[in-house]
Ligand code: PMP
């Protein structure tokens, strides 16, 4: 940062590390909504955290090594040769019809009955989050979200100037009584609530799952209060047992906008997700999708469609489940063995994440540079709150590192925590 003068006073000038040019140059031109867009303070540290000597328990990257890469390469090549004139062409703003039918079959595994006309394909479910927020939110509108909630959704909500109001959760997920209290308190202060954003299965970052009884209760509360539910379910098929976790959408087709994704069950690099919405909402979403991207990538959709019809994708999901269950076990065992007294954590029954709470007095954001020096990385809890809470929480992910690295990472983390306790 250099010093410059503006209006006779000395002002700091933010400069690009790469080019040295001023980053403040266009500052008076930006739209107001960009004030809600903030670079993550921890992003710079993650560049360091990605060095091989650092065990990263931070990212949510799926373990792609178990994919049948060579067979997929043959499939991709055949797609170009046999269907290239379609696959490489512009396509429908709503998505490839055959894939939308297959998506309905995938959702049927969670009890959802849906018509392909009500499905829209998106560039990952992140795009679906963006488009849904775009069509519903005016600045100042309230979105209710679990405390904590997915960092990428919070960023999207803030970029549309939504007010995020967090609702408490426990080991059974979002607490219905807390939801009622949040609705009452927002309405008492004259605020307009548009959506409840919830991740019912294997929550990111909390690692917990909403109980069946609460699903029905929460759907009812939202219906009565006239608040739409945005059900975000990228991890739903990655449970570690064979229990069916029925989507909220399965029993409430009119008031739920459901988001799904191939990122965790297949490959995030293809950037293909979807939204299932009541018919009228779906029409608005297609208009928004067209104005944002014209259409989702046809090649990637057709590749996934071939994968779903020609490969053992259920077997692949089973392989992912086994890998992640083993890694979850390793992480929980390492935490139980090494974490200091007073530390607690959740026990996920699927998905990628464990949510850790350190004893009072810890500041996990302040501790992160010391952890990275000790060659382990995590995500500090404050990233998952819109209101500054989460200082003594952190998220650990077990999806990507091998079991040996997970144990080593927890050992290093426990060492950092112990040395803070000593100070
Ligand atoms: N929702 C949740 C809860 C997530 O964890 C993620 C990815 N980390 C996404 C949405 C976005 O997923 P994608 O855009 O890759 O489908």
Is it fair to say residue 330 is modelled with pLDDT of 95 or more, in contact with a strand residue (DSSP E or B) (Cβ under 6 Å, 6 or more places away or on another chain) and either exposed (fewer than 14 other Cβ atoms within 10 Å of the Cβ) or closer than 27 Å to residue 67 by Cβ (or both)?
no
Going by what's in this entry, would residue 67 be described as modelled with pLDDT of 95 or more and within 26 Å of residue 400 (Cβ to Cβ)?
no
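Could you say whether any residue in segment 299-314 is away from the ligand (no atom under 13 Å from the Cβ) and either closer than 30 Å to residue 227 by Cβ or without any contact (Cβ under 8 Å) to a residue 40 or more places away in the chain (or both)?
Looking only at segment 299-314, we keep the residues that are away from the ligand (no atom under 13 Å from the Cβ), and these are 299, 301-303, 305-314.
Pick out the ones that are also either closer than 30 Å to residue 227 by Cβ or without any contact (Cβ under 8 Å) to a residue 40 or more places away in the chain (or both) and you get 312, 314.
Within segment 299-314, one or more residues are away from the ligand (no atom under 13 Å from the Cβ) and either closer than 30 Å to residue 227 by Cβ or without any contact (Cβ under 8 Å) to a residue 40 or more places away in the chain (or both).
From the list 111, 93, which residue is surrounded by fewer than 23 Cβ atoms within 10 Å (Cβ to Cβ), on the phi > 0 side of the Ramachandran plot and either within 13 Å of the ligand (Cβ to nearest atom) or touching a residue at least 24 places away in the same chain (Cβ under 8 Å) (or both)?
Among 111, 93, only 111 is surrounded by fewer than 23 Cβ atoms within 10 Å (Cβ to Cβ), on the phi > 0 side of the Ramachandran plot and either within 13 Å of the ligand (Cβ to nearest atom) or touching a residue at least 24 places away in the same chain (Cβ under 8 Å) (or both).
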Within segment 360-372, does at least one residue satisfy the condition of being under 30 Å from residue 277 (Cα atoms), in contact (Cβ under 8 Å) with a residue 12 or more places away in the chain, in contact with a helix residue (DSSP H, G or I) (Cβ under 7 Å, 6 or more places away or on another chain) and surrounded by 21 or more Cβ atoms within 10 Å (Cβ to Cβ)?
no
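The values are calculated or read from the model by the stated rules, or taken from the named source; none is laboratory data. Since this is a predicted model, take the numbers as computed values, not measurements. All Cβ positions, even for glycine, are placed from backbone atoms using ideal geometry, and neighbour counts span all protein chains on display.
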